[in-house]
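Novice: First the structure, then my questions, so here it is.
The values are calculated or read from the model by the stated rules, or taken from the named source; none is laboratory data. These figures come from a predicted structure and were not determined experimentally. Positions of Cβ are generated from backbone atoms using ideal geometry, with glycine treated the same way; all protein chains shown enter the neighbour counts.
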Amino acid sequence: MSIVVKLKKEELKLVAEEIGLTVPRDAKRVDLKWLIEESDVFKEDYEFVKTVIEQVLEEVKTQESQQKGGIELERLKLERVKAELELA
């Protein structure tokens, strides 16, 4: 089984772009998977593609973590404002 199977659509799109493939605007997940797996880069240098996938997954994980941190910060600010309003 290919490592590409486990990726989400946005992750597949990022991987395809990182390895230099042209991604159609209306590409579906299955199209992106096929595009990557049938590329010369994938066939000739699987380890490179695997490294790109790992980097993309790490980047996505970092972005999600930052987004969650931002949401938590906004929630705390909102709670503080509510507490201040209750005291007023």
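Novice: Could you tell me whether LEU32 is free of Cβ contacts under 8 Å to residues at least 24 places away in the same chain, surrounded by 17 or more Cβ atoms within 10 Å (Cβ to Cβ) and assigned to a helix (DSSP H, G or I)?
Specialist: Yes: the conditions hold for LEU32.
Novice: Within the range 57-88, track down each residue that is under 30 Å from ALA16 (Cα atoms) and among the small types (Gly, Ala, Ser).
Specialist: SER65, GLY69, GLY70
Novice: All but one of (1) touching a helix residue (DSSP H, G or I) at 6+ places or on another chain (Cβ under 8 Å); (2) hydroxyl-bearing (Ser, Thr, Tyr); (3) modelled with pLDDT of 95 or more hold for THR51; which doesn't?
Specialist: It is condition (1) that THR51 fails.
Novice: Another question, then. Within the range 32-88, can you find the residues that are under 15 Å from the mean Cα position of the chain (by Cα) and of a type in the set (Ser, Thr, Tyr)?
Specialist: THR51, THR62, SER65
Novice: Identify, from the list ALA27, ALA16, the residue that is outside any helix (DSSP H, G or I), surrounded by 14 or more Cβ atoms within 10 Å (Cβ to Cβ) and at pLDDT 90 or above.
Specialist: Only one candidate passes the filter, namely ALA27.
Novice: So which residues in the range 1-26 are over 16 Å from the mean Cα position of the chain (by Cα) and farther than 21 Å from ASP45 by Cα, if there are any at all?
Specialist: PRO24, ARG25, ASP26
Novice: Mind checking which pairs have a first residue in the range 41-64 that is within 11 Å of ILE3 (Cβ to Cβ) and a second that is surrounded by 12 or more Cβ atoms within 10 Å (Cβ to Cβ) and of a type in the set (Phe, Trp, Tyr), Cβ under 7 Å, 6 or more apart or different chains?
Specialist: Hits for this filter: VAL49/PHE42.
Novice: Let me ask something additional. Given the structure, is LYS8 of a type in the set (D, E, K, R), out of contact with any Phe, Trp or Tyr (no Cβ under 6 Å at 6 or more places or on another chain) and more than 22 Å from LYS61 (Cβ to Cβ)?
Specialist: no
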